[in-house]
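Remarks on the structure that follows.
Only the coordinates and a few stated rules stand behind these numbers; no lab work does. Just so you know, these numbers come straight off a predicted model, no measurement behind them. Methodologically, a virtual Cβ is constructed for each residue, glycine included, from the backbone with ideal geometry; neighbour enumeration extends over all protein chains shown.
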Amino acid sequence: AQSVAQPEDQVNVAEGNPLTVKCTYSVSGNPYLFWYVQYPNRGLQFLLKYITGDNLVKGSYGFEAEFNKSQTSFHLKKPSALVSDSALYFCAVRDRYSGAGSYQLTFGKGTKLSVIP
Amino acid sequence: DAGVIQSPRHEVTEMGQEVTLRCKPISGHDYLFWYRQTMMRGLELLIYFNNNVPIDDSGMPEDRFSAKMPNASFSTLKIQPSEPRDSAVYFCASSPKGDEQYFGPGTRLTVT
């Protein structure tokens, strides 16, 4: 079984400050990890993914995420937050060995990020 | 590219009625996913297709739900009969290879 935990329902950060949105995961094998963002009344948008290789993954809009296998974490980060980053952020996981052709992603509950001007 | 297209964007119906949600994936994408999003349960995968063939429908809540993909450019999710607990936002997503998914704007369903 695979699962994702986003321990914070809401994160508030001042504009210009660094931001972190936390995510931990559980899979029986090795993970594929993803971050998506959802703006109000919109579908989810892909931000970045970790498949293998470098533990620091860079994505869209200046976001990056760090894969930490020992802590089973994949926290989303940005050096300087913008008001326009305010949105709902979802972490997702898939077990790399979940079966041939299996692409079932498990999403976290989401974290609401508010960037304060 | 227009992205994933879903219709209708909003649907209000009475309990017991049949509801059909429609999705047009991005051209060239081999995978299509149907999700349901609610405040209580978050985002749940209902079913997904690969090359128009249903691969995993273990998330379909019950026999009232059915999904079809008659060709590479069209899919439907049908609920018959609908119930108030089916009220949710239903998303369709498509993907070229399965992992990086592109979501449509969603259909907000309200069953009264």
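The calculated FRET efficiency for the pair A:Asp54 and B:Thr112, based on their C-beta separation and a Förster distance of 35 Å, comes to about 0.10. By its C-alpha gyration tensor, with a ≥ b ≥ c as the square roots of the eigenvalues, how is segment B:1-96 shaped: rounded for a/c under 1.5, else prolate for a/b larger than b/c, else oblate? Verdict is prolate for segment B:1-96.
Ranking of B:Tyr90, B:Tyr35 by neighbouring Cβ atoms within 10 Å, starting from the fewest: B:Tyr90, B:Tyr35. A cut-off under 13 angstrom between Cβ atoms defines the neighbours of A:Arg94, and their net charge, with Lys, Arg +1 and Asp, Glu -1, is -1. Of the GluC sites (Glu not before Pro) in segment A:9-78, the ones in a loop by DSSP (not H, G, I, E or B) with at most 16 other beta carbons within 10 Å are A:Glu15. Using R0 = 41 Å, the C-beta based FRET efficiency linking A:Asn68 and B:Thr20 works out to 0.40.
Measuring r between the beta carbons of A:Leu82 and B:Ser73 and using R0 = 30 Å, the FRET efficiency lands at 0.25.
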